[in-house]
Each structure stands twice: as C-alpha cells, then as structure tokens.
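Enquirer: Just dropping this structure here.
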Amino acid sequence: MKNFLLTAGTMAMMVGAGFASAEEITVATVNNNDMIVMQELAPKWEEATGNKINWVVLEENVLRQRTTQDISTNGGSFDIMFIGAYETPIWGKNGWLAPLDDFANDANYDLEDIFPLVRSSLSADNHLYAVPLYSETSFTYYRTDLFEKAGVAKPTSQITYDEFRDIVAKVHDPENGIYGTCQRGKAGWGENMAFVGTLANAFGARWFDEQWQPQLNSPEWNAAITYYVDLMTKYGPPGATANGHNENRALFKDGKCATWIDATSAANDVKNPANSKVADITDFFQAPKQATDKGTGWFWSWALAIPASSQKQDVAKDFLKWATSKEYFQMVGETKGWVAVPSGTRASIHEDPRLLEAAPFAATIKDAIFSVDPSNPTRDPVPYTGVQFVAIPEFQGIGNFVGQQVAAALAGDVTVEEALAASQDFATREMTKAGYIK
C-alpha cells in the first residue's frame, strides 16, 4: 500500500513544486466511530497533498439540521457533507450537490467495485451524487453468555416481536445493571424513527396509503407504538428518551444491554476487543417480524457528498476519492485491525481473506443488506420507496415530529393515542400543504 507519510523536507519540496496554493476544506460529519477513524487517518492525505481539513463534528440530529439549512440556503459553509441515502437523491435532484459522475472514469478508484444497490441509493436521474463510507441494514445483537444463562437458544429463523419480548423478559437483570433490551428513544427521523419505522412495518403499518393519506392513527401504528412503549418501560434502561444509536452502542459495549436491534455497521466496533467489553460474547440474529416480514430491516448508506456551493470542489473530490478508495479500507484494516473496516460498500473488501478471517460476520452483514427491498417495504401497497424513511422531501419534518411524539409517549408525557393523533394531524397538514392531498 502506498505510504502517505511524508517528511518535512519532502513537504517543503512539494510546496515549492506547486503546492503553495494548498487549500483548507471544511467537512461536516457525524460523531460515529467510523468517522472518528477517518479523522485519525486523514493527516496522511493532508501530508500527501498539502491540503488541510477543518472538521466540524456534530451529533447526528444536529448534523442533519445544520447541513439541511446550509445546503437549502446555498450557505456554502461546508465543502464536504456526511449525508445518507435519504438526502442524497433529493438534494441531487434539487441541484444542491456536485455530481460525481467523473469518478467512473478513474480506473484506480474503481467505482464498479462499490455494490450496485449502494451506488443506486446515492444517485438520482442517472447521476452519482455521493460515495459511501459504509452501508447497513439492521439486525439483533445479543449477549451469548446471558442467553446461555437464561436457557435461551439462538433463533435459527426470524422470530416475532412477541417472541422477542419473551426472550427479553428472561434476560432482563436490572439488579446487576443489565437491561433486557436497549432500543433508540432519542427523538429524530434518523434516530428513534429508524427503529420505530421498521417496528411499525413489522406490525403491518405504513406511513401513507396509495393516495398519500397519512395512516399514523391506524390500529397497526397503535399496536406497534404500544408494544414499543411497553417493551422499553419494562425492560429498557432508565432515561431511554436520551439514547440514540451512539448512546445505545456505548451501553451495549459496556455490558449493560442483553439485546439491541440496530445497525449492522456497528458490528465492527462491538466485536472489536480494543473497544468493547462484550466483543467475544456477542452474536447476531435477524431483526424480528410480526404481522409481516416486509420492511423489518432497514437500508442505509452513510456517504460523503460535495455541496454545489463549495468553491473547492476539485480538492473535495480528491479527498472523497482517497477516503472511500480500496486503499483507504485496506489502511483501516492494517492500522486499526480488519475487524474495524467499514462494511457494506466494496465487493473487493468484503471478499478480502483478511477481513473474512478477522470478521467472519461480514458475510452475514452483506447478505442481510442485500435482502432488503426499499421498493417494497410494507405489507400493504404504498406510493413511496424507503424502509425506515419515505423518500420525499417532506418526510424529514414529518419524521422528526412523529419522533418527538413517540419519545413523549415513551416518557409518559402523553398517551400513545394522543401521540398518534397529533402525528396524524401534523402529517395531514404537511401533505396537504405540499400538494400530495387534493
């Protein structure tokens, strides 16, 4: 692998040879483990190019607020944004992102090595608008030692949420600081609603019917949220409304949770002995179903994109090629351990014997990701695509509002019926205002 470390003398020669106009780019990113690793390795790119990076590291909900506001107003605060499979096609169609079609012409980058499903999720109108760091679906993490102690066998097929609750009750041990399950409670369309959306799908719910009429006050939504509040109230950790993905990941790694349904991408951290107390006693099984198995595991890609407002697009593209290249993933493996390599992105990396030896679960993750069908996410017909989100611009506001109502129900501030009635009213107003409902 190319050595990106350069001596001070070499750097001086590079400046004299044409790097005097080196740029500083500003990158807005989420505070998750894979991006922390990227920040640790990015000085290699800086030293090789003479450019610098100003990192703006934000909590997930705040990142979405800041980047959405900046890009929709052409603010120009960032040269690179860490965004996902929801925002990318919408922002690309709006002309807010710089197209990355020229990446296909770079043989060294090898765009075709990125899984087709992932490339498609980050494209719009046959134009690529972001490149992925990792992709994910969701599955169930569980403590093998606690299951064995409670006499619970690992499920060999997809269980129901009713069966999951029975398991959770058996492994719940709060007197010893172990909670039966840790699920997202922090409000946000990409926080609690990522899990709750797939839970609702499992119960046969849908966000909208075929005429775009909101369905949030349906019996299916009521059954799903009632189940969620009951499960978390009885078997979850205290203060669950403050816990999103990162908080629950930390709780699970610290041995506080017996089960956790969340992103497959967290496995490289949870199974890393350098980071996790439960690395050797964690295993996985499929996220549960209930009335249906459709839409019970989400699909998501976290990716890097360049706002059209950036004045440093050439430098930003160079960093994107470096940060999502085959060589970058190999560098993570060689410096952080192959178990730490981001998952679900490149075929060659998923086939690398070093990854398969260090992280044999990588094959399970890949199979799980490609079992998801965002075009057919619910039991009953719907006019939208997306599993844990609806791929329309209005969903961000609606999803955030519903997430707030669900969090309020979990906290006991409102009843489930009140939360869903408010959600239905809000969604109906927003969809009427946007012209979906005539």
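Enquirer: Could you tell me whether any residue of segment 297-312 is in a helix (DSSP H, G or I) and either surrounded by fewer than 23 Cβ atoms within 10 Å (Cβ to Cβ) or not assigned by TED's automatic domain parsing to the domain that holds A28 (or both)?
Expert: Restricting attention to segment 297-312, the residues satisfying the condition of being in a helix (DSSP H, G or I) are none.
No; the residues of segment 297-312 include none that is in a helix (DSSP H, G or I) and either surrounded by fewer than 23 Cβ atoms within 10 Å (Cβ to Cβ) or not assigned by TED's automatic domain parsing to the domain that holds A28 (or both).
Enquirer: Quick check on segment 235-268: of everything there that is among the acidic types (D, E) and touching a residue at least 40 places away in the same chain (Cβ under 8 Å), which residue is surrounded by the most Cβ atoms within 10 Å (Cβ to Cβ)? Full working, then the answer.
Expert: Here is the first cut: in segment 235-268, the ones among the acidic types (D, E) are 247, 254, 262.
Restricting the remaining residues to those that are touching a residue at least 40 places away in the same chain (Cβ under 8 Å) gives 247, 262.
Numbers: E247: 18, D262: 25.
The residue in question is D262.
Enquirer: Among (1) in contact with a Ser or Thr (Cβ under 8 Å, 6 or more places away or on another chain); (2) not in a loop (DSSP other than H, G, I, E, B), where does V372 come up short?
Expert: The number of the failed condition is (2).
Enquirer: Now a separate question. Over 18 Å from P116 (Cα atoms) and either surrounded by fewer than 18 Cβ atoms within 10 Å (Cβ to Cβ) or in contact with a His (Cβ under 9 Å, 6 or more places away or on another chain) (or both): which single residue out of P381, P377 fits that description?
Expert: Numbers: P377 fails: either surrounded by fewer than 18 Cβ atoms within 10 Å (Cβ to Cβ) or in contact with a His (Cβ under 9 Å, 6 or more places away or on another chain) (or both).
The match here is P381.
Enquirer: Residue by residue through segment 379-405, note down the ones that are closer than 21 Å to R184 by Cα and either outside the structural domain of K186 (by TED's automatic domain parsing) or not in a helix (DSSP H, G or I) (or both). Quick ask: steps written out before the conclusion?
Expert: To start, the set of residues in segment 379-405 that are closer than 21 Å to R184 by Cα comprises 386-390, 395-405.
Hits for segment 379-405 are G386, V387, Q388, F389, V390.
Enquirer: K186 - would you say it is touching a helix residue (DSSP H, G or I) at 6+ places or on another chain (Cβ under 7 Å), under 22 Å from A267 (Cα atoms) and among the basic types (K, R)? Show your work before the answer.
Expert: Working: touching a helix residue (DSSP H, G or I) at 6+ places or on another chain (Cβ under 7 Å): yes; under 22 Å from A267 (Cα atoms): yes; among the basic types (K, R): yes.
Spelling it out, K186 is indeed touching a helix residue (DSSP H, G or I) at 6+ places or on another chain (Cβ under 7 Å), under 22 Å from A267 (Cα atoms) and among the basic types (K, R).
Enquirer: Please state which one of T292, T282, T324 is β-branched (V, I, T) and not assigned by TED's automatic domain parsing to the domain that holds Q404. Talk me through it step by step, then tell me what you get.
Expert: Numbers: T292 fails: not assigned by TED's automatic domain parsing to the domain that holds Q404; T282 fails: not assigned by TED's automatic domain parsing to the domain that holds Q404.
One residue alone meets the criteria, T324.
Enquirer: While we're here: Inside segment 73-161, counting only helices (runs of 4 or more DSSP H) that do not spill past its ends, which hold 2 or more residues that are in the same structural domain as A194 (by TED's automatic domain parsing)? I'd like the intermediate steps shown before the answer.
Expert: On the way: elements: 87-93, 116-121, 144-150.
The helices (runs of 4 or more DSSP H) meeting that bar are 144-150.
Enquirer: If you take the residues of segment 55-110 that are surrounded by 14 or more Cβ atoms within 10 Å (Cβ to Cβ) and hydroxyl-bearing (S, T, Y), which of them is nearest to G397 (Cα to Cα)?
Expert: Filtering segment 55-110 for residues that are surrounded by 14 or more Cβ atoms within 10 Å (Cβ to Cβ) and hydroxyl-bearing (S, T, Y), the one nearest to G397 (Cα to Cα) comes out as T68.
Enquirer: A further question follows. Looking at this structure, is I167 at pLDDT 95 or above and buried (at least 19 other Cβ atoms within 10 Å of the Cβ)?
Expert: Numbers: at pLDDT 95 or above: yes; buried (at least 19 other Cβ atoms within 10 Å of the Cβ): yes.
Yes; evaluated as a whole, the condition is true for this residue.
Enquirer: Here's something else I'd like to know. Output the residue which, of all residues in segment 413-438 that are touching a residue at least 40 places away in the same chain (Cβ under 8 Å) and either acidic (D, E) or outside any helix (DSSP H, G or I) (or both), is nearest to F195 (Cα to Cα).
Expert: Step one: of segment 413-438, the residues touching a residue at least 40 places away in the same chain (Cβ under 8 Å) are 416-417, 419-421, 423-424, 427-428, 431, 434, 436-437.
Then drop every residue that is not either acidic (D, E) or outside any helix (DSSP H, G or I) (or both), which leaves 417, 434, 436-437.
Working: E417: 19, A434: 26, Y436: 26, I437: 27 Å.
Residue satisfying both the conditions and the ranking: E417.
Enquirer: Across segment 124-183, which residue is nearest to the chain's Cα centre (by Cα) among those that are of a type in the set (D, E) and within 24 Å of A85 (Cβ to Cβ)?
Expert: Residues of segment 124-183 of a type in the set (D, E): 125, 136, 145, 148, 162-163, 166, 173, 175.
When the remaining residues are screened for being within 24 Å of A85 (Cβ to Cβ), the result is 125, 136.
Values: D125: 23, E136: 7 Å.
Applying the filter and picking the extreme gives E136.
Enquirer: Kindly indicate whether D113 is touching a helix residue (DSSP H, G or I) at 6+ places or on another chain (Cβ under 6 Å), crowded, with 19+ Cβ neighbours inside 10 Å and charged (D, E, K, R).
Expert: On the way: touching a helix residue (DSSP H, G or I) at 6+ places or on another chain (Cβ under 6 Å): yes; crowded, with 19+ Cβ neighbours inside 10 Å: no; charged (D, E, K, R): yes.
When the stated conditions are applied, D113 does not pass them.
The values are calculated or read from the model by the stated rules, or taken from the named source; none is laboratory data. Quick caveat, the model's predicted, so the values are computed rather than measured. Cβ coordinates were reconstructed from backbone atoms using ideal geometry, including for glycine residues, and neighbour counts include every protein chain displayed.
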